[in-house]
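The values are calculated or read from the model by the stated rules, or taken from the named source; none is laboratory data. All of these numbers come straight from a predicted model, not from anything done at the bench. Cβ sites come from the backbone with ideal geometry, for glycine too, and all protein chains shown count toward neighbours.
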Amino acid sequence: MKTIALIGKPNVGKSSLFNRLAGQRIAITSDVSGTTRDIKKSEIVIDDKEALLVDTGGLDDRDEMFEVVKEKSLKAAKEADIILYMVDGKMLPSDEDKRIFYELTKLGKELALVINKIDNDKMQEIVWEYQSFGFNDIFPISVSHNRGITPLINWLYKRLPKTKTLELENDEDLSLEELLEEESKNSIEQKLQNESNEIKVAIVGRVNVGKSSLLNALIGEDRAVVSQIAGTTIDPVDETLYYNGKHIIFVDTAGIRKRGKIEGIERYALNRTQKMLENADIALIVLDASEEFKELDERIASLVDKFSLGSIIILNKWDKARDEYKKIVEDVRYRFKFLSYTPIITVSALSKKRVHRINDMILKVYENYSRRIPTGKLNELIKFANSRHHLPSDMGKVVKIFFATQFDIRPPRIALVMNRPKSLHFSYKRYLVNTIREHFDFEGSPILIFPRKRGEKDDVEE
């Protein structure tokens, strides 16, 4: 899969173009210069071709922090296959833009000059100014007005390789299954080879449930600011703890309020919290055991489910618990049915009681989150599950599962090759997940199942 890097100075619209090409609002966009500071990646599909899109921070060296951002951005450009250098079409070409662009041409990559904010035909005149770059592949666009995007997409399409299609001629030919299995092995092996020995753990919850106190208790020092004033934490606070051979990176995210109560910079805090969840491996969902759970607790937990993270539910302030253990746990299981696989730990962050259990549980959940079921055993298990409860038919037509393979980890993703993938009912999918959990330890980890059709015409039913 080829990589496309978006490069340019701050506030030229890189994140907006990233969101447009990715087809969803992933990067935070704003008029504040330097909003994007980290590398953001998303797999995109252009017609029948795939690519990895990378959004980089602005090229600026006003201070030490921006110098680091600039270095990361240029490194991303060197590692990419295709570079889109973006400039602000409301400004004349600068010597700095020319210098950076010429440096990029020396990398020998596929390169295009993208002039953003060309909102109308009158502004086309400024495009001639950029002809001074002496370059042919120039694309005047307006992301906000959706102008000129199609020619750019067509240019990208021509430079991407075709995505490998998997074919199966008949029921006896297992080439698709063999290719799927090989694909899954390569994907998982590559992920394991790139293992950084780090576990990223996000601490999430409503305001004032004790997230910062929990972080301090976990690392054994007052790293996070603790206060009874709701909303003390705005920027995510991170701290690394070396534990049993692993570097656990804790991130204390900003507390989340009801949408109507989010004010000013806290809107950015909410966005950044979701960003941290997207980059995390495991989430510690902190609940206040001293009071009734709220709908907002469920919404926050649903974000963890949305990003398919490993998870642990932390019942904090247990020394002030409103009820006995059994009743509170029943309440948790009832309200958070979608996290039925998630372990529960009761703690008191202020007194540090039972906090030590969390680190061991993190290692266990991460191990389960990284677990791969051998293809042979997985198929035996699917066959057993099918013999115990047959697949429901679709309008009298037989529904079959031909083959299963786990093609990814963190979270575990399983592909089912079927004759009618659209006919796999969600209740049967849930049954298969529960059967897998009965035979393999996936406590704290979601299991994702993806039905796939035999042959290359995925949208045609047999």
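Report yes if some residue within the range 386-405 is within 29 Å of E278 (Cβ to Cβ) and either in contact with an Asp or Glu (Cβ under 8 Å, 6 or more places away or on another chain) or surrounded by 18 or more Cβ atoms within 10 Å (Cβ to Cβ) (or both); otherwise report no.
Checked the range 386-405: at least one residue is within 29 Å of E278 (Cβ to Cβ) and either in contact with an Asp or Glu (Cβ under 8 Å, 6 or more places away or on another chain) or surrounded by 18 or more Cβ atoms within 10 Å (Cβ to Cβ) (or both).
Might you let me know whether the range 271-279 holds any residue that is surrounded by fewer than 21 Cβ atoms within 10 Å (Cβ to Cβ), modelled with pLDDT of 85 or more, over 23 Å from A217 (Cα atoms) and touching a helix residue (DSSP H, G or I) at 6+ places or on another chain (Cβ under 7 Å)?
Scanning the range 271-279, I find no residue that is surrounded by fewer than 21 Cβ atoms within 10 Å (Cβ to Cβ), modelled with pLDDT of 85 or more, over 23 Å from A217 (Cα atoms) and touching a helix residue (DSSP H, G or I) at 6+ places or on another chain (Cβ under 7 Å), so the answer is no.
Would you pick out the residues in the range 306-321 that are of a type in the set (K, R) and at pLDDT 95 or above?
Within the range 306-321, K317, K320 meet the criteria.
Here's a check for you: in the range 1-44, which residue that is charged (D, E, K, R) and part of a strand (DSSP E or B) is modelled with the highest pLDDT?
Ranking the qualifying residues of the range 1-44, first place goes to K2.
Need the failing condition index for I118 against (1) under 29 Å from the mean Cα position of the chain (by Cα); (2) crowded, with 17+ Cβ neighbours inside 10 Å, just the number.
Failed condition: (1).
Among the residues of the range 322-342, write down those that are of a type outside the set (V, I, T) and outside any loop (DSSP other than H, G, I, E, B).
Hits for the range 322-342 are Y325, K326, K327, E330, D331, R333, Y334, R335, K337, F338, L339.
How about the range 140-153: which of its residues are surrounded by 13 or more Cβ atoms within 10 Å (Cβ to Cβ) and either hydrophobic (A, V, I, L, M, F, W, C) or more than 13 Å from K117 (Cβ to Cβ) (or both)?
Once the filter is applied, which keeps residues that are surrounded by 13 or more Cβ atoms within 10 Å (Cβ to Cβ) and either hydrophobic (A, V, I, L, M, F, W, C) or more than 13 Å from K117 (Cβ to Cβ) (or both), the range 140-153 yields I141, V143, I149, L152, I153.
Is at least one residue of the range 73-91 farther than 19 Å from F18 by Cβ, outside any helix (DSSP H, G or I), out of contact with any Ser or Thr (no Cβ under 9 Å at 6 or more places or on another chain) and modelled with pLDDT of 80 or more?
yes
In the range 343-361, what residues are in a loop (DSSP other than H, G, I, E, B) and in contact with a Leu (Cβ under 8 Å, 6 or more places away or on another chain)?
Across the range 343-361, the qualifying residues are V347, A349, V355.
Do any helices (runs of 4 or more DSSP H) lying entirely in the range 100-209 carry at least 2 residues that are at pLDDT 80 or above, and which ones are they?
125-129, 149-158
Determine the pairs where a residue that is in contact (Cβ under 8 Å) with a residue 24 or more places away in the chain and surrounded by 17 or more Cβ atoms within 10 Å (Cβ to Cβ), located within the range 423-448, has a partner that is part of a helix (DSSP H, G or I) and acidic (D, E) with Cβ atoms under 8 Å apart, the partner being 6 or more residues away or on another chain.
Every condition considered, the pairs that remain are P446/D305.
Picking from K306, K337, K327, K294, which residue would you name as being within 29 Å of the chain's Cα centre (by Cα) and more than 26 Å from D281 (Cβ to Cβ)?
Only one candidate passes the filter, namely K294.
Within the group I265, I285, I229, which residue is surrounded by 15 or more Cβ atoms within 10 Å (Cβ to Cβ) and either in the same structural domain as R335 (by TED's automatic domain parsing) or at pLDDT below 80 (or both)?
I285
Being modelled with pLDDT of 95 or more and either in contact with a His (Cβ under 8 Å, 6 or more places away or on another chain) or crowded, with 19+ Cβ neighbours inside 10 Å (or both) is the requirement here; does S370 meet it?
no
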